[in-house]
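One structure is given below, encoded as structure tokens.
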Amino acid sequence: QGQLVESGGGVVQPGRSLRLSCAASGFTFRPYSMDWVRQAPGKGLEWVAAVSADGRNGYYTDAVRGRFTTSKDNSNNALFLQMSSLRVDDTAVYYCVRASGSSWLDPFDIWGQGTMVTVSS
Amino acid sequence: QSVLTQPPSASGTPGQRVTISCSGSNSNIGSNYVYWYQHLPGTAPKLLIDRNNQRPSGVPDRFSGSKSGTSASLAISGLRSDDEADYYCASWDDSLSGWVFGGGTKLTVL
């Protein structure tokens, strides 16, 4: 079925940077588009970013565009989210998510357990 | 404020049928598929309904989805206590060029 394991979360001050990683296993990583979805405390799910199967193209929600960059390493079955200029409202559990196909129009069929990012002074 | 609108809560007794609505616009539900996710406490969300009304492998037929125009709904029949979860609708939005979610509906089984 496949597994996704996030790492890299933690507590960071506003304005600083953080890099999240996601290790994929149990499936062939290369053909799939990948996404990041977050959930702020007490709030609902919010899509953050997507990267194409070949890792060349990314889409971002307006709230993070220009501050976050996602990348996909098909050689090492890994997904990354580089977050900079972090704000308090970026505080959330960040989920690594697999799209069910190569298109970012495909739904999310495998989710990681999430990693918590807390932005606080 | 979520782009897709869901009721914040729903409830029912065991065995009952409940429905959860999801309202959007022409740029999302009106022109793209709707998906439903189930988020049980302490677990990762799970794809419950694919492409408006398709059940992924392993999802019981007690769960069904429908779509009409710019709205969609999720129906759960034969309600069970382990259906207690948060349910989210989602769709691609052509204007935003990104995925949009509903605010989530917390289902309580009384």
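Loop-located trypsin sites (Lys or Arg not before Pro) in segment B:1-73 (DSSP state not H, G, I, E or B) with no more than 16 neighbouring Cβ atoms inside 10 Å: B:ARG17, B:ARG51, B:ARG62.
Given springs between every Cα pair under 10 Å in a Gaussian network model of chain B, which of B:GLY12, B:GLY42, B:GLY69 has the largest fluctuation? Residue with maximal mean-square fluctuation among B:GLY12, B:GLY42, B:GLY69: B:GLY42. Contact order, relative form, for segment B:1-74: 29 percent (alpha carbon pairs under 8 Å, 6 or more residues apart, mean separation divided by residue count). Only protein heavy atoms count here; under a 1.4 Å probe, A:MET116 has an accessible surface of about 80 Å².
Think of chain A as having a plus end and a minus end, set by charges on the Cβ of Lys, Arg, Asp and Glu; of A:SER17, A:ILE110, A:PHE27, A:SER17 sits farthest toward the positive end of this dipole.
Amide H contacts of A:SER103 (H built 1.01 Å from N, in plane; Pro and chain starts excluded): A:SER33 sit under 5 Å, all sequence-distant by 5 or more or on other chains. Couplings 3J(HN,Hα) of segment B:42-59, computed from phi: x, 10, 7, x, 9, 5, 9, 10, 10, 6, 6, 8, 9, 9, x, 3, x, 7 Hz, in residue order, whole Hz [Karplus 6.51 cos²θ - 1.76 cosθ + 1.60, θ = phi - 60°; x for Gly and Pro]. For segment A:79-121, a Kirkwood radius taken over Cα pairs fed into Stokes-Einstein (20 °C, viscosity 1.002 mPa s) yields D = 178 µm²/s. The spacing between segment A:54-121 and segment B:70-110, judged by their C-alpha centroids, is 22 Å. Each Lys and Arg contributes +1 and each Asp and Glu -1, all at the Cβ; summed about the Cα centre of the protein assembly as shown, the dipole is approximately 120 debye. Taking the charge dipole of chain B about its Cα centre, with +1 at Lys and Arg Cβ atoms and -1 at Asp and Glu Cβ atoms, the residue from B:PRO41, B:GLY102, B:GLY69 reaching farthest to the positive side is B:GLY69.
Using only Cα atoms, what is the ratio of the radius of gyration of segment B:56-99 to 2.2 N^0.38 Å?
1.44
Sequence-ordered 3J(HN,Hα) estimates for segment B:84-89 from the Karplus curve with 6.51, -1.76 and 1.60 and θ = phi - 60° stand at 4, 5, 9, 10, 10, 9 Hz, glycine and proline given as x. Its relative contact order, with pairs defined as Cα atoms under 8 Å and 6+ residues apart, puts chain A at 35 percent. Rounded to whole Å, the principal axis extents of the Cα atoms in chain A read 40, 26, 25, largest first. For chain B, the calculated P(r) over all alpha carbon pairs, in 10 Å bins from 0 to the bin holding the longest distance, is 16, 50, 29, 5, 0 percent. Between amide H atoms placed 1.01 Å from N, distances below 5 Å from B:THR108 occur with B:ALA10, B:SER11, B:GLY12, all of them 5 or more places distant or on a separate chain.
Which residue fluctuates most in the GNM of chain A (Cα springs below 10 Å): A:LEU18, A:LEU81, A:LEU45? Of the options given, A:LEU45 has the highest mean-square fluctuation. Once every Cα of the protein assembly as shown carries one equal point scatterer and solvent is ignored, give the base-10 log of I(q)/I(0) from the Debye formula at q = 0.12 Å⁻¹, two decimals. Values, matching the q order: -0.64. For segment A:79-89, putting each phi into the Karplus relation 6.51 cos²θ - 1.76 cosθ + 1.60 with θ = phi - 60° gives couplings of 10, 10, 9, 8, 10, 10, 6, 5, 10, 4, 7 Hz, in residue order, rounded to whole numbers and with x for Gly and Pro. Of all lysines in the structure, the ones whose alpha carbon falls short of 26 Å from that of A:LYS43, not counting any fewer than 8 places away in one chain, are B:LYS46, B:LYS67, B:LYS106.
The values are calculated or read from the model by the stated rules, or taken from the named source; none is laboratory data. Fair warning: this is a prediction, and the values are worked out from it, not measured in the lab. Every residue, glycine as well, gets a Cβ built from its backbone with ideal geometry; the counts of neighbours run over all protein chains shown. Heavy atoms of the whole protein, side chains included, go into the accessibility calculation; ligands, DNA and RNA do not. Shrake-Rupley method; radii C 1.70, N 1.55, O 1.52, S 1.80 Å.
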